[in-house]
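The structure appears right after this line, and notes come after that.
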Amino acid sequence: MVPFRLYRHLIPQLAAAARSPSAPKAAASCAPRRIPPLPALAMAAYGTGVCADSKLLFRQLFEKESSTYTYLLADVGDPEKPAVLIDPVDRTVDRDLNLIKELGLKLIYAMNTHVHADHVTGTGLIKTKLPGAKSVISKASGAKADQSVEHGDKIYFGKLFLEVRATPGHTAGCVTYVTGDSPDQPSPRMAFTGDALIIRACGRTDFQGGSSDQLYQSVHSQIFTLPKDTLLYPAHDYKGFTVTTVEEEVAYNARLSKDKVPAN
Ligand SMILES: N[C@@H](CCC(=O)N[C@@H](CSS)C(=O)NCC(=O)O)C(=O)O
C-alpha cells in the first residue's frame with residue numbers, strides 16, 4: 001500500500017483527470033475497479049515536491065556505516081534522463097547503480113564534495129561499472145578526476161545545473177554544489193554542503209588541513225548568503241536528521257551562527 005502522504009500533492013491533478021470527459025466511468029458492480037497507470041504523475045512523485053512542475057528527480061540515499069548521504073539528481077524532462085550522483089560510497093555503489101537502472105536514468109557524473117577521510121568514495125568503482133560516467137572533484141582537493149572543478153563552474157545534467165562554490169575549512173578542497181538560480185531551475189534552491197555544514201553542526205577542522213577560521217568564513221560567505229528557504233543537504237548526519245534550511249541553520253546552528261570570536 002502506497003502511503004497517502006506521498007501522493008497528496010497530486011490531488012488537484014487527479015481530480016482534474018477524473019472530471020475530464022475521457023475519464024472512465026465508475027463501475028456499477030462491486031468488482032475491484034481497475035486504476036489506469038499514471039506514468040507522468042508517478043514520475044513527478046519521485047521528486048521532492050520542491051517545485052510544482054519540476055523536472056528534477058531527487059533521491060537522498062544513506063550509507064549507515066559511515067552515516068553518509070549520497071544524492072541522486074536527474075533531469076527527467078530530458079529524453080535521456082541525465083543524472084548525477086553526489087558523494088557515492090564504495091559499499092553502496094551497486095545499490096545506487098541498480099536504482100539508476102530501474103529509473104531509466106543515464107549517469108553522467110559521479111561527483112565528490114571533498115576527499116573523504118571516513119569512507120572510500122564510490123566514483124572509481126562506478127567508472128569501472130559504467131565507463132561513460134565521469135568523475136568530478138575540486139581542483140583544490142588535489143585529487144585526480146575526469147573533471148576538476150573550481151568556484152563558479154557550472155555542471156550541467158540536461159537543462160539543470162549545479163554551481164560550484166568553494167567552501168574550504170573541513171578540508172582545503174571542500175566545495176558545495178548548489179542548484180541554479182534561474183526560473184527553470186528547482187525552487188527553492190538546494191545546496192549539497194558536504195562536510196562544510198552538517199545539520200546543527202559542521203565538519204571537524206582538526207585534521208586533513210582543516211581550519212575553523214576558514215570554515216566559518218566559507219559557511220557565512222557561500223551558504224548563509226543563499227536565499228533563506230534554500231534546502232541544505234549535508235554529506236553526513238549522526239542524529240537522524242535529513243535536511244535543513246539556511247534560515248534554520250542561521251538561527252539554530254550553535255557552531256556557526258554566533259559572531260566570530262577572534263583567536264587569542
Ligand atoms: N561526530 C561523529 C564522528 C565522525 C566524524 O568525525 N565525522 C566527521 C565527518 S567525516 S571526516 C565530522 O566532521 N563530524 C562532525 C563532528 O562534529 O564530529 C559521530 O558522531 O559519529
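The values are calculated or read from the model by the stated rules, or taken from the named source; none is laboratory data. Note that this is a predicted model, so its numbers are computed, not measured. Cβ coordinates were reconstructed from backbone atoms using ideal geometry, including for glycine residues, and neighbour counts include every protein chain displayed. We work out accessible area using only protein heavy atoms, side chains counted, and drop any ligands, DNA or RNA first. Shrake-Rupley method; radii C 1.70, N 1.55, O 1.52, S 1.80 Å.
Applying a threshold of 8 Å to beta carbon distances and a minimum spacing of six or more residues, or different chains, the list of pairs starting in the stretch 49-69 at a residue that is among the polar types (S, T, N, Q) and within 16 Å of the ligand (Cβ to nearest atom) and ending at one that is open to solvent by 30 Å² or more (accessible area, probe 1.4 Å) and at pLDDT 55 or above reads S66/D118; S67/Y238; T68/F62; T68/D118. Would you point out the residue of the stretch 197-212, among those that are within 10 Å of the ligand (Cβ to nearest atom) and assigned to a loop (DSSP other than H, G, I, E, B), that is nearest to H236 (Cα to Cα)? Top of the filtered list is G203.
In the stretch 143-192, of all residues being assigned to a strand (DSSP E or B) and hydroxyl-bearing (S, T, Y), the one that is nearest to G210 (Cα to Cα) corresponds to T176. Highlighted here are the strands (runs of 3 or more DSSP E) found entirely within the stretch 46-142 that include at least 2 residues which are more than 21 Å from V175 (Cα to Cα): 56-63. In the stretch 84-99, the condition of being more than 30 Å from G209 (Cα to Cα), in contact with a Phe, Trp or Tyr (Cβ under 8 Å, 6 or more places away or on another chain) and more than 16 Å from the ligand (Cβ to nearest atom) is met by no residue. List pairs: first in the stretch 181-210 and more than 19 Å from Y252 (Cβ to Cβ), second modelled with pLDDT under 95 and crowded, with 19+ Cβ neighbours inside 10 Å, Cβ under 6 Å, 6+ apart or cross-chain? Hits for this filter: P186/S54. If you filter the stretch 166-185 down to residues that are under 14 Å from P227 (Cβ atoms) and open to solvent by 10 Å² or more (accessible area, probe 1.4 Å), you find that the one that is nearest to the ligand (Cβ to nearest atom) is D181. Looking across the stretch 239-264 at every residue that is within 16 Å of the ligand (Cβ to nearest atom) and not in a loop (DSSP other than H, G, I, E, B), the one that is nearest to V120 (Cα to Cα) is identified as T244. Are any of the residues in the stretch 186-194 open to solvent by less than 40 Å² (accessible area, probe 1.4 Å), modelled with pLDDT of 95 or more and within 13 Å of the ligand (Cβ to nearest atom)? Yes, the stretch 186-194 contains a residue that is open to solvent by less than 40 Å² (accessible area, probe 1.4 Å), modelled with pLDDT of 95 or more and within 13 Å of the ligand (Cβ to nearest atom). Any chance the stretch 219-238 includes a residue that's within 14 Å of the ligand (Cβ to nearest atom) and either assigned to a helix (DSSP H, G or I) or touching a helix residue (DSSP H, G or I) at 6+ places or on another chain (Cβ under 9 Å) (or both)? For the stretch 219-238, residues within 14 Å of the ligand (Cβ to nearest atom) and either assigned to a helix (DSSP H, G or I) or touching a helix residue (DSSP H, G or I) at 6+ places or on another chain (Cβ under 9 Å) (or both): present.
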